[in-house]
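A quick write-up on the structure given underneath.
Each reported figure results from applying straightforward, stated rules to the coordinates on display, with no laboratory input. Owing to the predicted nature of the structure, the values given are computational and were not obtained by experimental measurement. As a convention, Cβ positions derive from the backbone with ideal geometry for all residues, glycine included, and neighbour counts pool all protein chains shown.
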Amino acid sequence: MLCGSVGSSLAVAAEGNAAAGKTKTAMCAGCHGIPGYKVAFPVTYEVPKLGGQHASYIVKALQAYRVGDRKNATMHAIATGLSDQDMADLAAYYSSAAVQSAAH
Ligand code: HEC
């Protein structure tokens, strides 16, 4: 009987909050979210679009940059500064329907 309430409070803790995530995108929007924007150093990268991607994909990508499984100096520096909660919130925001329709 107790299991139900314990389980649901754990689920809430692991979940991202899209509204909180939106306030954290200020440091992402300089690169992501500009159609066709390319980062010029040291090689030219196409900056991937984040809006509309799956939340779990975004979190996995950020964790991979943080530990160095995915190699990109810029995103490594950024991911190192994010907490797990930041990542979940950002992922919730970028995967939300509002961003999908606004991202065109
Ligand atoms: C200085 C420019 C810059 C900033 C600022 C930046 N990014 Fe990135 N990001 C990139 C580039 C370039 C890539 C592609 C790197 C690669 O080739 O792996 C990327 C890749 C990603 C990916 C992987 C996307 C995919 O399709 O695989 C995610 C997720 C991501 N960034 C999230 C973020 C978040 C969240 C923030 C803000 C907290 C942020 N980025 C800030 C330049 C930036």
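Which of the aspartates and glutamates could be linked to LYS22 by a straight reach, that is with a Cα gap under 19 Å, when you skip same-chain ones fewer than 8 residues away?
List returned: ASP84, ASP86, ASP89.
Just subtract the alpha-carbon distance of ALA77 and ALA26 from 0.36 nm times their residue separation and send over the number in nm, one decimal.
16.8 nm
Quick check: pseudo-label points 7 Å beyond the Cα along Cα→Cβ at HIS54 and ASP84, how many nm apart are they?
So the label points at HIS54 and ASP84 sit 2.0 nm apart.
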